[in-house]
Amino acid sequence: MINRVTSKHWFIAGQGSIGSFVAYNALLSGIKCDQIVRNVNHSKQTWFHPIGKQPTALPTPITSVDITPNSIHYLIVPLKAYDIVPFLQQAMPYLADDAAIILCHNGLGTIELVNDLLTPNMNLFFCTTSNGLYKNKDGIFQAGLGGSQWSHVAGNNPDKLNNDDLVPLFVRITQVDNLQKILWQKLIVNCVINPLTALHNVKNGALAQLVFAEDIESIIKETLLIANKLGVSLELSAMLKAVNQVIANTAENYSSMNQDVKSHKQTEIDFISGYVVKEGLKLNIPTPISLSLYNQIKAL
Ligand code: KPL
């Protein structure tokens, strides 16, 4: 039986894997939720394929013509990092004065950009998720059950959301107060796996070969210099272990950057190695390895 656990009406940007996972969970929980797309004619019915359960057709997405100005109080933006600011600029007239916005993506650098767009009563949250989701022509597939962590990152009302609001949407989710450390840990994993797999056109698992060991260690060391200077306490041995663990756990996957390069799509390199380079410049710390990876990906 459908259990209406919350009266919040959620809006989700786009029909990506994470957004569709959230829309599926909302549907199961009886929570009001709409996926927003640019053009409904270009979007097709999305099927979500959960682990061990029947595939489910998600509700038809809506466009801005279906939304009343100032009516969005709860918005999840699980878009690629470079799409977030353009989306929010267009969404601004539809956001309520007290909107709660959740960002959810790979890389770092959007929080500062989005903060500049917010009006005083809005609140910004960040959620990082490791659910094994992938998309193909038949829909969105859940390959593994991962966890998510979230925190308030900007605005004057951190209590605008609580964990009970998000459990029905993300399932295994925890509110944390050390999100910066978690985001840097994920950033370092992405700084290693994403550009290397894209440049060498290999699956994540190929990075376990000895020939990549030196590059992996150099990337981690360089990114740690920046993280540590910013007060994020992460250590080389723990990061080496974490990176190798992700390489092993996702051995059969092609990283998102590898897939983006292969399908001639924009990559998230600006918010991965590019973010490290930018922070290095601000801190006066040279980042030649990240810069080289950044330039090589940009050149592809
Ligand atoms: O986040 C990822 C990505 O591909 O973007 C990893 C963790 C590297 C898994 O492929």
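The residues of the stretch 136-162 that are among the charged types (D, E, K, R), open to solvent by 60 Å² or more (accessible area, probe 1.4 Å) and in contact (Cβ under 8 Å) with a residue 12 or more places away in the chain amount to a single one, 138.
For every residue, the table says whether it meets (1) over 20 Å from residue 119 (Cα atoms); (2) open to solvent by less than 80 Å² (accessible area, probe 1.4 Å); (3) outside any strand (DSSP E or B).
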{"position": "22", "(1), (2), (3)": "yes, yes, yes"}
{"position": "28", "(1), (2), (3)": "yes, no, yes"}
{"position": "44", "(1), (2), (3)": "yes, no, yes"}
{"position": "73", "(1), (2), (3)": "no, yes, no"}
{"position": "85", "(1), (2), (3)": "no, yes, yes"}
{"position": "88", "(1), (2), (3)": "no, yes, yes"}
{"position": "96", "(1), (2), (3)": "no, yes, no"}
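As a summary of the residue check, residue 211 satisfies the conditions (1) outside the structural domain of residue 270 (by TED's automatic domain parsing); (2) of a type in the set (Val, Ile, Thr); (3) exposed (fewer than 14 other Cβ atoms within 10 Å of the Cβ) except for the one numbered (1). Is there a residue in the stretch 163-179 that is among the aromatic types (Phe, Trp, Tyr) and either open to solvent by 20 Å² or more (accessible area, probe 1.4 Å) or within 16 Å of the ligand (Cβ to nearest atom) (or both)? No. Close contacts from the stretch 173-195, counting a first residue that is within 16 Å of residue 244 (Cα to Cα) and a second that is open to solvent by 70 Å² or more (accessible area, probe 1.4 Å) and more than 16 Å from the ligand (Cβ to nearest atom), with Cβ to Cβ under 9 Å and a gap of 6+ residues or different chains, come to 195/296.
Scanning the stretch 231-277 for residues that are closer than 24 Å to residue 84 by Cβ and among the acidic types (Asp, Glu) returns 260, 268, 270.
Please go through the stretch 67-83 and give me each residue that is touching a residue at least 60 places away in the same chain (Cβ under 8 Å) and of a type in the set (Ser, Thr, Tyr), ordered by number. Scanning the stretch 67-83 gives 74, 82. Here's a check for you: in the stretch 229-251, which residue that is without any contact (Cβ under 8 Å) to a residue 12 or more places away in the chain and within 13 Å of the ligand (Cβ to nearest atom) is surrounded by the fewest Cβ atoms within 10 Å (Cβ to Cβ)? The qualifying residue surrounded by the fewest Cβ atoms within 10 Å (Cβ to Cβ) is 245. Residues in the stretch 252-287 that are touching a residue at least 24 places away in the same chain (Cβ under 8 Å), open to solvent by 60 Å² or more (accessible area, probe 1.4 Å) and away from the ligand (no atom under 16 Å from the Cβ): 278 alone.
Residue 126: open to solvent by less than 20 Å² (accessible area, probe 1.4 Å) and within 12 Å of the chain's Cα centre (by Cα), yes or no? Here the answer is yes, as residue 126 does meet what is asked. Got a sec? Which of 133, 79 is in a strand (DSSP E or B), open to solvent by 20 Å² or more (accessible area, probe 1.4 Å) and within 15 Å of the ligand (Cβ to nearest atom)? Of the residues listed, the single one that is in a strand (DSSP E or B), open to solvent by 20 Å² or more (accessible area, probe 1.4 Å) and within 15 Å of the ligand (Cβ to nearest atom) is 133.
Taking the condition open to solvent by 40 Å² or more (accessible area, probe 1.4 Å), closer than 23 Å to residue 242 by Cα and at pLDDT 95 or above, does residue 201 pass? Against the criterion (open to solvent by 40 Å² or more (accessible area, probe 1.4 Å), closer than 23 Å to residue 242 by Cα and at pLDDT 95 or above), residue 201 qualifies. Of the candidates 182, 193, 216, the single residue that is within 29 Å of residue 152 (Cα to Cα) and open to solvent by less than 20 Å² (accessible area, probe 1.4 Å) is 193.
The values are calculated or read from the model by the stated rules, or taken from the named source; none is laboratory data. From a predicted model like this one, the values you see are computed outputs, not experimental measurements. Positions of Cβ are backbone-derived with ideal geometry, glycine not excepted, and every protein chain shown enters the neighbour counts. Accessible surface areas use protein heavy atoms only, side chains included; no ligands, DNA or RNA. Shrake-Rupley method; radii C 1.70, N 1.55, O 1.52, S 1.80 Å.
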